[in-house]
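This report refers to the structure that appears directly beneath it.
The values are calculated or read from the model by the stated rules, or taken from the named source; none is laboratory data. If you're wondering where the values come from, they're calculated on a predicted model, not measured in any experiment. Using ideal geometry, Cβ is built from the backbone for each residue, glycine included, and neighbour counts are taken over all protein chains shown. Accessible surface is based on the protein model in full, side chains and every heavy atom, while ligands, DNA and RNA are left aside. Shrake-Rupley method; radii C 1.70, N 1.55, O 1.52, S 1.80 Å.
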Amino acid sequence: MTNKRDILFIMLAIATVLVWTGCKTTKPTSQPTATGGVRATVTTAELENEAMMVEAKMYQETGQVEKALQGYQTILTRAPKFGAALYEMANLYESAGMIDSALYFAQKAEATDMNNQWYKLLLCNLYRIKQDHKNATRTWEALIKLNPEKLDYYYELSNAYLAADEIEHAIEPLNRVEKIIGVTEPISLQKQKLWSALGRNDKAAQEIERLADALPQEKKYSELMAEMYMKQKNYAKAKKYYDQIAATDSTDDYIHISLANYYHQTGDTNATYNELRKGLQSEALNCTDKIQILSSIYTMREFYDTISNQAFSLLEEIIGECYDTLTYAPVYGEVLMNRGRWRDAAEQFVRYLKLDSSRYEIWEAYLICLSVAGADDDTLMGTATRVQKLFPFQTLPYFMEGQHYVIKQDYVKAEKPLVQCVKLGFSNGYLEADTYALLAEVYYRQQRQEEAWQCFDKALKAAPDNYAYYLSEAATKLDKAEQMSKKTIIAEPENATYLDTYAWILFKMGRTKEALQYIEKAVRNDIEQSETLKEHLKAIKERLKKEQAN
């Protein structure tokens, strides 16, 4: 009766024969007879070797390594070029970590049959372990030649070149794969990484572009290409991919935002507005997102100047749907300030401050709005006092208090907060000239002349034109004012403000003809068309007319 061990032996023998049959690429083992039949050519020795192989393989599979080695060595003593035995010996030595011995037998196995892919696959693995990149790539190339349809071999060859740090060679097998199966995501992305590693960003971009063209349904690649071409200012190509995205998915709300940026960069104001309006209607965007998008496309100058009406209307549409005051109030308040809507801006800042009173810059904007809008004294002074308590080291609240008392001509009360401004210092010159000018006024009105002139000198250093103009208005020290002002027009001969100041000082000194020359140039150069300059021109002309009449 057959026992379990015998059954196992038979199964192993069958499996082994099947494997060897698959691995071997020898000539036919039979030849025709004289009568047309087939006569076996397998010798008894060969049959014995095959039987010994089955037994050695059984020992190998059951973990009896020493017996398996003895079996294979016996076979090789009888038949030194028995490829299967050499192959199995190499496998045993590799499993034992004896790589040099494994490589020796694997190379001998390959020499018995150069077309056997299993022998070559084992060699490739051993070359990889030994970091013998040259022989690894050579063997993978040979495998590809034997099996050009096996795509895995191309990937392995690419990896072998990569391990050898031959990056450009690693790309070539991937190109061959593409010739077989066309453009695919994994191959193109791998090539893109390799080109990037070589510092060839142009080639890397080409790989993404090929993906975008081959797979238009994959929007992410079209988006990458559009963004890249926008950065390069290649707007025609950027538009191609934006259109491709829109054609692929007409429900994509974000494409309108991208197109708005495209039209903005190319100078199409109306198209920018229309696309941005479509994009901002998306329910996928919250209020914060919409305001950030609007701010990223339109510059603050555009908000307040060239396209202010369009930008402002979009902002108001967004805010009409907003419920998060903390998000929109500071932005909306700043825009309103720059549109000269001081009271409305103040209301926005108040809304914010009711929820969060920790940000000084919001309080500062609120104070400025109150001051310019002409808020009542109690509101302005109450706010300034509160901000002083919350932020005792900020200059503006004290300046506001001092300015308020100067306007009220209460010079005694004005002195303390203005002195506090000086003690706190001036960041980047902010309020420096104005503070010293007010403090000079305070001292001057209290007959403290020496202190007044010291402050005037400091105001001069901070803003020389302001000081000179002040002296001209006060008709005080006109010679000094003229000298200071002349320096400013020598430095900036086209500056309308400086020209006006110099003309006015000359006017005060009675040098009317000279004054007319400078005031006319000031008016010509005045972009803002200041009413003050026009009034000065009128006054100078009238006096000159009278002088000539006399």
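Some values worked out for this structure:
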read-out: Residue-normalised accessible area of the chain, given per residue in Å² at a 1.4 Å probe; value: 55 Å²
read-out: Solvent-accessible surface (1.4 angstrom probe) belonging to Ser358, in square angstrom, nearest 10; value: 80 Å²
read-out: For Met400, solvent-accessible area (1.4 Å; no DNA, RNA or ligand), Å²; value: 10 Å²
read-out: Helical segments meeting 24 Å axial Cα length and Kyte-Doolittle 0.0 threshold in the chain (DSSP H); value: 4-23
read-out: Ranking by accessible area, most exposed first, for Tyr366, Tyr155 with a 1.4 Å probe; value: Tyr155, Tyr366
read-out: Mean-position separation - Cα centroids, the range 232-276 and the range 280-298, in angstrom; value: 16 Å
read-out: Longest to shortest principal axis, alpha-carbon extents of the range 497-550, angstrom; value: 35, 16, 14
read-out: Surface share of carbon and sulfur [accessible, 1.4 angstrom probe, percent] for the chain; value: 51 percent
read-out: Qualifying GluC sites (Glu not before Pro) for the range 179-269 [loop in DSSP, other Cβ within 10 Å: at most 14]; value: Glu218
read-out: Computed over the chain, Kirkwood Rh from alpha-carbon pairs, angstrom; value: 33.5 Å
read-out: Whole-number percent relative contact order across the chain, with pairs defined as alpha carbons under 8 Å at least 6 apart; value: 4 percent
read-out: Per-residue [θ]222 nm for the chain (sum of -39500 (n - 2.57) over DSSP H runs n ≥ 4, rounded to 500); value: -24500 deg cm²/dmol
read-out: Cross-link table Lys423/Lys508; Lys461/Lys545; Lys108/Lys193; Lys57/Lys130, entries beyond 29 Å C-alpha to C-alpha; value: Lys423/Lys508; Lys461/Lys545; Lys108/Lys193
read-out: Debye log10 I(q)/I(0) at q = 0.09, 0.15, 0.16, 0.18 Å⁻¹ for the range 137-274, Cα point scatterers; value: -0.37, -0.77, -0.83, -0.95
read-out: Residues with amide H under 5 Å from that of Cys322, placed H, sequence gap 5 or more; value: none
read-out: Probe 1.4 Å - accessible area at Leu162, Å² to nearest ten; value: 70 Å²
